[in-house]
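The values are calculated or read from the model by the stated rules, or taken from the named source; none is laboratory data. Just so it is clear, the model here is predicted, and its values are computed rather than measured. When we count neighbours, we look across all protein chains shown, and the Cβ atoms used for this are built from the backbone with ideal geometry, even at glycine. Heads up: the accessible areas ignore ligands, DNA and RNA and are worked out on the full protein's heavy atoms, side chains in. Shrake-Rupley method; radii C 1.70, N 1.55, O 1.52, S 1.80 Å.
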Number of protein chains: 4
Amino acid sequence: MANRRQTLRELGIQIGKFKAGERNSITDVPGVKVGHKTLTYDLSDGRAIRTGVTAILPHSGNLFQEKIIGSSYVINGFGKTIGFVQLQELGMIESPIMLTNTLSVPAVAEGTIQFLLKENQDIGNSTGTVNVIVGECNDGYLNDIRGLHVKGEHAIDAIKTASIQVEQGCVGAGTGMSCLGFKGGVGTSSRKLIVDGHHYTLGALVVSNFGTKDDLPSRFNNSIAIEEELEDMPDGSIMIVLATDAPLSERQLHRLAKRASFGLARTGSYAAHGSGDIVIAFSTAHKISHYPTGITNSFSFIVEDGPLISNFFQMAVEVVEESIWNSLCTATTTIGQNQHIRYEFDYNFFR
Amino acid sequence: MANRRQTLRELGIQIGKFKAGERNSITDVPGVKVGHKTLTYDLSDGRAIRTGVTAILPHSGNLFQEKIIGSSYVINGFGKTIGFVQLQELGMIESPIMLTNTLSVPAVAEGTIQFLLKENQDIGNSTGTVNVIVGECNDGYLNDIRGLHVKGEHAIDAIKTASIQVEQGCVGAGTGMSCLGFKGGVGTSSRKLIVDGHHYTLGALVVSNFGTKDDLPSRFNNSIAIEEELEDMPDGSIMIVLATDAPLSERQLHRLAKRASFGLARTGSYAAHGSGDIVIAFSTAHKISHYPTGITNSFSFIVEDGPLISNFFQMAVEVVEESIWNSLCTATTTIGQNQHIRYEFDYNFFR
Amino acid sequence: MANRRQTLRELGIQIGKFKAGERNSITDVPGVKVGHKTLTYDLSDGRAIRTGVTAILPHSGNLFQEKIIGSSYVINGFGKTIGFVQLQELGMIESPIMLTNTLSVPAVAEGTIQFLLKENQDIGNSTGTVNVIVGECNDGYLNDIRGLHVKGEHAIDAIKTASIQVEQGCVGAGTGMSCLGFKGGVGTSSRKLIVDGHHYTLGALVVSNFGTKDDLPSRFNNSIAIEEELEDMPDGSIMIVLATDAPLSERQLHRLAKRASFGLARTGSYAAHGSGDIVIAFSTAHKISHYPTGITNSFSFIVEDGPLISNFFQMAVEVVEESIWNSLCTATTTIGQNQHIRYEFDYNFFR
Amino acid sequence: MANRRQTLRELGIQIGKFKAGERNSITDVPGVKVGHKTLTYDLSDGRAIRTGVTAILPHSGNLFQEKIIGSSYVINGFGKTIGFVQLQELGMIESPIMLTNTLSVPAVAEGTIQFLLKENQDIGNSTGTVNVIVGECNDGYLNDIRGLHVKGEHAIDAIKTASIQVEQGCVGAGTGMSCLGFKGGVGTSSRKLIVDGHHYTLGALVVSNFGTKDDLPSRFNNSIAIEEELEDMPDGSIMIVLATDAPLSERQLHRLAKRASFGLARTGSYAAHGSGDIVIAFSTAHKISHYPTGITNSFSFIVEDGPLISNFFQMAVEVVEESIWNSLCTATTTIGQNQHIRYEFDYNFFR
């Protein structure tokens, strides 16, 4: 496939000290699926559609009826992500996590609501409403973002096609994104940990859309001449989703989400003013019924003692960094709106 | 007009010690306008549309080009309000503040974006994107909320019809709301303060949708028999918007917004679990250009010394309490979805 | 005893709809104890010591070794409370909760640390350090606060004398406090709830030091002439401690703590600028070992569905309001520093 | 001097793209001074005092009477820093910023209060109280932390000896600290920016006490054999203070403080569970009088448009990273409590 280049590992580079999961993907967390809807058309007048939707399903059941524990962290809030007010109040996720371009957040939210209303006849009828989560980055450099080309049905398409095979690079919400001066997009990675016979997996999926070539960290050979002028990039962003099957509470997931900024920092980001850098984290370890049967719910959570919880923090740093590099390594040169070009990442940077 | 009953003051009751503005309305703050789009139709099968949109315009100019200082406070985050991530990061509001029903937040956001894209050809083109703010309450008891009857154009209608005359009760976003067991809706109130020859105004507008008759405070005569069964009310809510022309910083506005809960508490609320109780506060005193010309912006802010800033806090408590009573006093008996009835508030409660 | 007047209930007034516990005290929560150290001496030159320390012990065991779940909420942060950074990060309390005057926070913290070091030879040796929590109000109107008369040993005294009998009014940290223009101090109250055969108790203890006579709510007969000039009261405050044996998570306790402001609002407060209004909440339902034995901890938490969690919210509102009235009703006229006088609350206000 | 080795720059290594200030120190920000009180004694029974106090004075005037704008950010809240509740509420700093060991926070707070009471006869008398800020790290590996050897007078000593010459390494609060498996301590760095003829400086001072050798970033040659056993390090920490003369608001300073974590991440930290990683940021551009004369204060703040504010963010990342390396590079091998040894950082790591 044109979009398929090589991941960082396929280039022979490993990040960190923990082992990757089988697919080195967020879908190594059992039950997690990812779906993309990619929109690429050329319109008249130089306008071009280079955008899409990515859906992350925390489990394959009915998310509204069987909620999961989640949290969020705003690294830099120049962003339009929705659903966080309730997520922070209740510590629960009850919808797919949707990613798209900035101005298409309402369309994707509407489509996701329609999907959930159809699946749950009780919502807004015999029970309350539903809180959907939609994140975004601004792909307006390559995409005709003002055209509002994403429709509700595209969100539903992304949800319905979700699987454990995660395509990376210029797909779904990553189709039109730019990162560190190159073509960005979707990237993913995972780590696993075995403690006392328990197997835990932690994965990340990012949509990378931040930074300029100047920001690339100096540990890589920076000798490639930067010839073209760097465009001013208003409203860059990165959306980061962390998933784990380890039993972490919403407070622990918030702590985990904060560590995403450490992985981000290692790729050269400093969270520029206009970059909406936002993290969502969830655990699939517990399912919380919308219709509880008793007066208490039972949970077990990882003990918060030194090395164990810290291992998860380190894994979060590793998967975020590697996901970002993967988004760069797999994305391909893209010509878009107004003949704007983003070149694919030059692997010589790693030599 | 059928909807027009009497405000609390017309009933002879005053709240607090500060004087109300000329209209006792949020539009007493110079420049602030409010528009409603009310949707009431009867559908087949007992379904009924009882919903709408309310738009609050902080000033009459171009809000994206001339932003204002704002903040928010989440009393209880069981709500789906959007736009808060960026509002808290940057302390600025750059769109009308829109209110509607819970499931219509995406439609209203989309319509508001379309309005702003048309008004600003630079958005998503030569400059970044725009952050819209949409708040909500769940009117599903009286309204066919699953029907998603609010469309983007209705949001634009609400914006375009904004004026300084604020209709209260069963209008706009308040059309289908319930409060303290009675018909709720839109309410507003204002206070003014003269300090050293400076005239300041502070106003509130609420959409009230919380509580049961049991919650009504005991200082009013509670002897009216409560005969009908109280329905379980999932996802009640109150949206509170505070406006002032006093020069308050985003931090000071956050402090002001917190005081809204004190006014709310005095009407009997305890911020029930399912009640999304959310406050937005803004000051019109400074306009911040989207295209700054220098390297600094100049501001003057109210000194944060004892009595002065505290006066604003007290005024906030007063306008929120009175706005809630006004929403109850002006709303009229409404029959909606599935022949559900909410009776208008009984003025005997004040005797 | 000179300090003992009547509680609100002894005056025949009940707040709310839930039943009080046996002692109508925070110590109705099994295991919770309260100790006071009261310092009252007259010095030369008109200076007078009217201050003290109050210690709240969540359980009778070793709090560092057996931590409990806790949270906090800052209503208005004009305050010097310590220990909140770690409390919010970890959601655990590992020391007695100490209350004193503003400038004596360091002395009380030092004394509490000494107590804990003696009790735990591992702290700062084979294990980490300990996080102590100390709250405060400014009693400088009646007390020679600049004299720093509270010493570490007084904190230890308060801890050691803790019992289930809670003296109210002018004792411990409440000795020199003023509230709503009258003598304030320590107040407490409790509520109980039986659900499905489970008995739960929720209690509050406050140190009240806020407001002026003008703030008293109008539902009470306000006809008593206010003759003397009201002094400007910089740095008023209220410290509120909520305790329950219901299994609430740290997030749920944070939600509970927020409801304290609703009880406070009903006594007339609007959280004035200079009032440090701060809430600490804890649950005794789980004990978390400092030396965990497995890799997970097990918890059960109250289901977060409509009426049940909301009952706890309402109980929190009720106990905070009643605790404040109790602090006023039980405190006695006090002459202090510079012959300043605070008169005891006039019971005619309730008639 | 024994403690004086070489800074990172003296070793020929530069971090980032902005130029350092004259002294490459936080005191390059005009008016800022730093004082240390170092305590090193050997006691009987193998106990050793290796601790101290560091004071950062934002300006040379009376800080209580002329407050400055400040903010804070908690990277990881396993820490006992005090003063943050009021700092976040009011956005102002009114005392020196004090750093010491974890269990000596109360002693340093008490000494600082005594200093401020003496300097300000109005505190606790004709005006309110004062909010002191004290941060800490746990030096218990090298220092007899249980001995509580820091006294209030040592805090006063640190304040009184403050100057623009900042000694680094094993001094003041850094005396007993460990970092990345080596001897840590105090480090500082600065950057300057000229915009439209305005000269701005941003500086950092850190007390480094986090991490193990395993965490050192791989970009440096990691081939040096790690022979000794790594001790478990409970309660590591880093205290980071950022100072600037650029006119940043409290909200902007909070954003700046968040970027400190990006500099920290680049030194290998992942903010381990037990590491209290805490940032304080202030601007000296405005002084806010304790006794305001009008009803508003005037401010000018840096425009929050893309590149300019982002430059400050980048500078913050650079000074934090360089300050940490400086703390390592300048600290010297230290033998302390129980003959524990921390070796000085091996410069071969940079080769």
Accessible-area order (highest first, 1.4 angstrom probe) of the listed residues C:347, A:291: A:291, C:347
Selection from A:141, A:106, A:65, by position along the positive dipole direction of region A:36-164 (Cβ): A:141
Dipole magnitude (debye, nearest 20) for region B:1-159, charges at Cβ of Lys, Arg, Asp, Glu: 560 debye
Solvent-accessible area, 1.4 Å probe, carbon plus sulfur percent, for chain A: 48 percent
Listing of region C:131-161 residues, each with accessible area lower by at least 30 Å² in the full protein assembly than in the chain alone (probe 1.4 Å): C:146, C:148
Accessible-area value, residue C:261, 1.4 Å probe, nucleic acids and ligands omitted, Å²: 10 Å²
Per principal axis, descending, Cα span of the protein assembly as shown in whole Å: 83, 83, 63
Members of region C:70-95 that become less accessible by 50 Å² or more once partner protein chains are added (1.4 angstrom probe, chain alone as reference): C:77, C:80, C:85, C:86, C:89, C:90
Pair-distance profile P(r), taking every C-alpha pair of region B:80-127, with 10 angstrom steps and integer %: 23, 49, 27, 1
Candidate lysines - alpha carbon under 22 Å from residue B:118, same-chain residues fewer than 8 apart omitted: A:80, A:151, B:33, B:37, B:67, B:151, B:160, B:287
Heavy-atom accessible area per residue - the protein assembly as shown, 1.4 Å, Å²: 31 Å²
Mean-position separation - Cα centroids, region B:78-109 and region C:271-327, in angstrom: 30 Å
For residues of D:255-261, the mean tally of beta carbons on other chains within 10 Å: 4
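So if I place +1 on the C-beta of Lys and Arg and -1 on the C-beta of Asp and Glu, and nothing else carries charge, what would the dipole magnitude of chain B be about its Cα centre? I want it in debye, nearest 20.
Value, rounded to 20: 620 debye.
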Rounded if a/c under 1.5, otherwise prolate or oblate - chain B, Cα gyration tensor axes: oblate
Long-range amide H partners of residue C:195 with built H, under 5 Å: C:200
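Using the Cα centre as the reference, give the magnitude of the dipole from point charges on the C-beta atoms of the protein assembly as shown (Lys, Arg: +1; Asp, Glu: -1; all else neutral), rounded to the nearest 20 debye. Present the calculation step by step, with values, prior to reporting the outcome.
Working: 116 positive and 144 negative charges, 0 e Å.
In debye, rounded to 20, the protein assembly as shown gives about 0.
Buried accessible area for the A:C pair, summed, 1.4 Å probe, in Å² rounded to 100?
The A and C chains share an interface burying roughly 2200 Å².
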Amide N of region B:167-207 lying under 13 Å from the label point, which is placed 7 angstrom from the Cα of residue B:214 along Cα→Cβ: B:181
Separation of the residue C:195 and residue D:195 label points, Cα + 7 Å toward Cβ, nm: 5.2 nm
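Ordering B:13, D:69, C:194 by accessible area with a probe of 1.4 Å, largest first, what comes out?
C:194, B:13, D:69
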Overall form of region A:1-135 per C-alpha gyration tensor (a/c, 1.5; a/b vs b/c): oblate
Exam field: residue B:122 pseudo-label spacings to other copies (7 Å along Cα-Cβ), nanometres: 4.5, 5.0, 6.2
Whether region C:70-166 is rounded, prolate or oblate, judged on the alpha carbon gyration tensor where a/c under 1.5 counts as rounded: oblate
Teacher prompt: residue B:62 distances to equivalent labels in other copies, 7 Å Cα→Cβ, nm: 4.9, 5.0, 6.9
Theoretical ellipticity at 222 nm over chain A - DSSP helices of four or more residues, -39500 (n - 2.57) apiece, nearest 500: -6500 deg cm²/dmol
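Among all helices in chain C defined by DSSP H, which have a length of 27 Å or more along the axis from Cα atoms plus a Kyte-Doolittle mean of at least 0.5?
C:306-330
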For the A-to-C rotation axis, chain A residue with nearest beta carbon and its distance in angstrom: A:299, 2
For region A:35-76 and region D:144-219, distance of Cα centres in Å: 44 Å
Other-copy label distances relative to residue A:13, 7 angstrom Cα-Cβ extension, nm: 2.0, 6.8, 7.1
